[in-house]
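> Below is the structure I would like to discuss, written out as structure tokens.
The values are calculated or read from the model by the stated rules, or taken from the named source; none is laboratory data. Because the structure is predicted, anything quoted here is derived from the model rather than measured. We place every Cβ from the backbone using ideal geometry, glycine too, and count neighbours over all the protein chains shown. Just the protein is used for accessible areas: all its heavy atoms, side chains included, with ligands, DNA and RNA removed. Shrake-Rupley method; radii C 1.70, N 1.55, O 1.52, S 1.80 Å.
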Amino acid sequence: NLPEDQADKLLLASWGLPKAVLEKYHSLGVVQMFEWQAECLMLGQVLEGKNLVYSAPTSAGKTLVAELLILKRVLETRKKALLILPFVSVAKEKKCYLQ
């Protein structure tokens, strides 16, 4: 569980994402994340590019964690990222919404 002084970490707006990215997530109904997602982002040096291995059931929100990590790194370092997805339909969906 997140300590009370870190409860704001559940809000996407607290992660330093650009307004356009936040607006896109908000248009999809994503304004905040689950505690376990925020905990993943706060582990060790994950935000600085260190590895993260996590597991959750289907539709639990794993993709959001990966997207936020990728977006932050790409925007902060101006480097490219490779996102590998399991299905063509998911790849097409992410392509549209990440553009």
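> How many residues does the stretch 64-99 hold that are of a type outside the set (S, T, N, Q), under 20 Å from residue 24 (Cα atoms) and either part of a helix (DSSP H, G or I) or touching a Pro at 6+ places or on another chain (Cβ under 6 Å) (or both)?
Residues meeting the conditions: 22.
> Next up: When you scan the stretch 50-63, do you find a residue that is assigned to a helix (DSSP H, G or I) and open to solvent by 70 Å² or more (accessible area, probe 1.4 Å), even just one? Working first, answer last.
First, pick out the residues of the stretch 50-63 that are assigned to a helix (DSSP H, G or I): 62-63.
Then drop every residue that is not open to solvent by 70 Å² or more (accessible area, probe 1.4 Å), which leaves none.
Within the stretch 50-63, none of the residues are assigned to a helix (DSSP H, G or I) and open to solvent by 70 Å² or more (accessible area, probe 1.4 Å).
> Restricting to the stretch 2-13, name every residue that is over 11 Å from the mean Cα position of the chain (by Cα) and closer than 15 Å to residue 69 by Cβ. Working first, answer last.
Quick first cut of the stretch 2-13, residues over 11 Å from the mean Cα position of the chain (by Cα) only: 2-11, 13.
9, the sole residue that qualifies.
> Give just the number: which of (1) within 14 Å of the chain's Cα centre (by Cα); (2) under 24 Å from residue 5 (Cα atoms) does residue 44 not satisfy?
In the conditions (1) within 14 Å of the chain's Cα centre (by Cα); (2) under 24 Å from residue 5 (Cα atoms), residue 44 misses (1) alone.
> Let me ask something else about it. Among the residues of the stretch 1-49, which ones are exposed (fewer than 14 other Cβ atoms within 10 Å of the Cβ) and in contact with a Phe, Trp or Tyr (Cβ under 8 Å, 6 or more places away or on another chain)?
If the condition is that a residue be exposed (fewer than 14 other Cβ atoms within 10 Å of the Cβ) and in contact with a Phe, Trp or Tyr (Cβ under 8 Å, 6 or more places away or on another chain), then 28, 31 are the ones that fit.
> Can you tell me which residue within the stretch 81-98, out of those that are touching a helix residue (DSSP H, G or I) at 6+ places or on another chain (Cβ under 7 Å) and closer than 24 Å to residue 16 by Cα, is least open to solvent (accessible area, probe 1.4 Å)? Please lay out each step first, then the result.
Applying the first criterion (touching a helix residue (DSSP H, G or I) at 6+ places or on another chain (Cβ under 7 Å)) to the stretch 81-98 yields 81, 83, 85, 97.
With closer than 24 Å to residue 16 by Cα added as a condition, the list becomes 81, 83, 97.
Working: 81: 62, 83: 67, 97: 44 Å².
Per the stated criteria, the residue is 97.
> Also, quick follow-up: Tally up the residues in the stretch 1-49 that are without any contact (Cβ under 8 Å) to a residue 60 or more places away in the chain and part of a helix (DSSP H, G or I), please.
Number of matching residues: 30.
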